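A short write-up of the structure that comes next.
The values are calculated or read from the model by the stated rules, or taken from the named source; none is laboratory data. On a predicted model such as this, the values are computed, not experimentally measured, just so you know. Here the Cβ positions follow ideal geometry from the backbone for every residue, glycine too, while neighbour counts run over all protein chains shown. Side chains included, ligands, DNA and RNA excluded: accessible areas come from the protein's heavy atoms. Shrake-Rupley method; radii C 1.70, N 1.55, O 1.52, S 1.80 Å.
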Amino acid sequence: MNTPCTKLHLFVDGELSATEAEAFRHHLTRCAECEVGLRDLLQLEMLASRALEGTGVEEAEASRKVTPLRPWLHQAYRAAVPVALAAGLAAVGVFHFQAEPELPGEVWLANATERQLDARLSHPKADRFRPFVPLRGTTHTAEVLPLRPLAELEERQDFQGIAAAYALRGDWQQAEAFLTRAPDSADKDNDLAVVAMSRGRWEDALGLLGGALRREPKHAQALWNRGLALQGRGLKRLAEVSFREAAALPEQEEGWRQEAQGRAADLHDSLETEGARWRKQVLDASTRLAQGTADLKELMRQPALAREAFYEAVRTAPSAAAVTALTPVAKELDRVGGGSVLQDYVKDIAARDFAVRAPLAGDYAKLLNGDLTPGLLDTLRRSQEWDLYFGALVHTGAAAKDAEALKALARFAHASRDPWLTLLADRERAWSDDMRGRASAEQLLLNTLRTCEAYTRLFNCTQIN
């Protein structure tokens with residue numbers, strides 16, 4: 001009966017076509033019988049090789065990196081194998097006391113001049129720096145993984161080495177399978193995180209990398225991969241910090257250091273560019289709202305932009321009438337978001353004493369244009385204009401540096417009943433934790449981001465970063 005299992009010897013001998021070999025590899029991952037058979041064949045070949053080396057028979061032939069199993073066995077097997085088998089377990093014992101042979105560099109693509117894996121693996125031979133060139137298309141063209149070195153690695157129980165070899169070739173299923181057999185360590189957690197990232201499971205990866213860094217806070221590969229995972233999840237500010245920490249570590253290849261610095265700089269520039277673009281959009285929209293020239297229907301196609309522009313228009317309004325004129329915008333935003341939070345906000349602010357509020361609103365408007373009036377934060381803190389103080393704390397980032405201001409921000413957000421203001425307060429608390437080196441910052445930002453995303457298009461969740 002012609003079943004895939006009958007092709008095992010042909011696969012080991014390298015007699016299958018590339019297509020047939022690839023099909024058999026997939027079969028091998030699901031067939032316990034073939035897996036055992038392959039292991040037995042390779043172990044038998046190694047025993048024969050050791051015996052030949054010990055008896056001096058065909059020494060040059062036995063020293064080749066790759067030797068087809070069946071033809072070689074037909075020629076030398078009858079003389080060599082009885083020697084090995086007669087020795088029994090003692091032969092294996094002698095092997096373990098001998099110096100371990102150097103494995104060919106092709107196992108970890110040592111001859112490659114560039115890398116297609118963005119992440120860093122823990123195994124030293126798989127972590128050599130090469131410039132990163134993203135894989136084009138969907139076809140992976142890495143050279144075939146040699147089987148005999150894999151058997152050597154398995155005999156040494158170097159499961160991470162095997163996993164790294166598969167990972168470099170994009171075979172994540174095999175990489176994960178061998179990693180599960182490796183003992184617990186920071187290196188194992190890091191490499192499992194790489195597997196998770198290959199599947200877009202950013203938060204799973206961050207959990208594993210957090211464990212690795214708790215074990216080894218200066219784990220170079222884990223810091224690098226944490227930067228990748230944070231960037232993948234949209235937390236660019238923390239990703240920048242992680243890459244800078246990776247770049248600052250001593251005793252690593254200069255290429256890794258320079259690339260980490262470059263990635264951190266790119267993230268910083270990206271954040272600055274995105275932030276400036278968003279602030280301009282909000283300022284332009286709020287100006288049109290204040291002037292009564294905004295096309296509300298057009299603006300409401302971007303509810304997140306409309307909401308932030310509405311807040312800024314209310315905060316900078318010079319009179320109660322100007323605030324009341326924004327009621328239609330509040331109604332439309334409440335219709336989209338549900339409730340009456342923004343309509344209630346308009347009523348509250350319109351009832352204020354604008355003889356007191358108007359000068360403060362004017363100073364706040366200057367702040368939006370980059371002109372901070374000296375002492376403005378203290379003046380707003382002492383006033384009853386909570387929304388102006390809230391906006392100023394967010395724009396200046398002062399809350400992250402001042403515990404009392406942070407508490408005030410949280411109180412104002414809770415009193416507003418607006419989930420967007422609560423999310424902003426949580427973000428400031430996370431940044432405060434990060435400035436103080438607390439591990440809670442990452443988890444708090446992730447929780448805040450997940451909550452924001454639950455509101456779909458209502459809020460601009462990139463601002464959580």
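Remarks
- Every residue from the stretch 345-358 that is within 16 Å of L326 (Cα to Cα) and either out of contact with any helix residue (DSSP H, G or I) (no Cβ under 9 Å at 6 or more places or on another chain) or exposed (fewer than 15 other Cβ atoms within 10 Å of the Cβ) (or both): K347, D348, A351
- When the stretch 165-189 is filtered for residues that are over 20 Å from the mean Cα position of the chain (by Cα) and in contact (Cβ under 8 Å) with a residue 40 or more places away in the chain, the ones remaining, listed by number, are A165, Q174, A177.
- With respect to the conditions (1) in contact with a Leu (Cβ under 8 Å, 6 or more places away or on another chain); (2) open to solvent by 30 Å² or more (accessible area, probe 1.4 Å); (3) of a type in the set (K, R), R301 lacks only one, and its number is (1).
- Taking each residue of the stretch 448-465 that is within 19 Å of S270 (Cα to Cα) and looking for partners that are outside any loop (DSSP other than H, G, I, E, B) and open to solvent by 60 Å² or more (accessible area, probe 1.4 Å) with beta-carbon atoms closer than 8 Å, six or more apart or interchain, yields C461/E453; T462/E274; N465/R237.
- Some residue of the stretch 241-249 being surrounded by fewer than 17 Cβ atoms within 10 Å (Cβ to Cβ) and either more than 16 Å from G210 (Cα to Cα) or at pLDDT 95 or above (or both): yes
- Scanning the stretch 359-382 for residues that are open to solvent by 60 Å² or more (accessible area, probe 1.4 Å), without any contact (Cβ under 8 Å) to a residue 24 or more places away in the chain and assigned to a helix (DSSP H, G or I) yields P359, K366, D378, R382.
- Within the stretch 257-272, residues that are part of a helix (DSSP H, G or I) reach no partner that is surrounded by fewer than 14 Cβ atoms within 10 Å (Cβ to Cβ) with beta carbons closer than 6 Å at six or more positions or on different chains.
- Taken over the stretch 108-144, residues that are open to solvent by less than 20 Å² (accessible area, probe 1.4 Å) and either assigned to a loop (DSSP other than H, G, I, E, B) or modelled with pLDDT of 80 or more (or both) amount to 8.
- Cβ pairs under 8 Å, 6+ apart, first in the stretch 152-164 and more than 12 Å from K188 (Cα to Cα) and in the same structural domain as V194 (by TED's automatic domain parsing), second of a type outside the set (K, R) and crowded, with 24+ Cβ neighbours inside 10 Å: L153/G161; L153/I162; L153/A165; E154/I162
- Which numbered condition K366 misses (of (1) among the charged types (D, E, K, R); (2) within 26 Å of P318 (Cβ to Cβ); (3) at pLDDT below 90): (3)
- Listed here are the helices (runs of 4 or more DSSP H) enclosed by the stretch 295-337 that have at least 1 residues being under 39 Å from the mean Cα position of the chain (by Cα): 296-299, 303-316, 327-337.
- If you filter the stretch 387-416 down to residues that are of a type in the set (D, E, K, R) and part of a helix (DSSP H, G or I), you find that the one that is modelled with the lowest pLDDT is K401.
- Boolean, Q281 is open to solvent by 50 Å² or more (accessible area, probe 1.4 Å), in contact (Cβ under 8 Å) with a residue 24 or more places away in the chain and of a type in the set (S, T, N, Q): yes
- Output for the stretch 411-441, where each listed residue is within 30 Å of L213 (Cβ to Cβ) and open to solvent by less than 30 Å² (accessible area, probe 1.4 Å): L423, L424, A425, R427, E428, A430, S432, D433, A441
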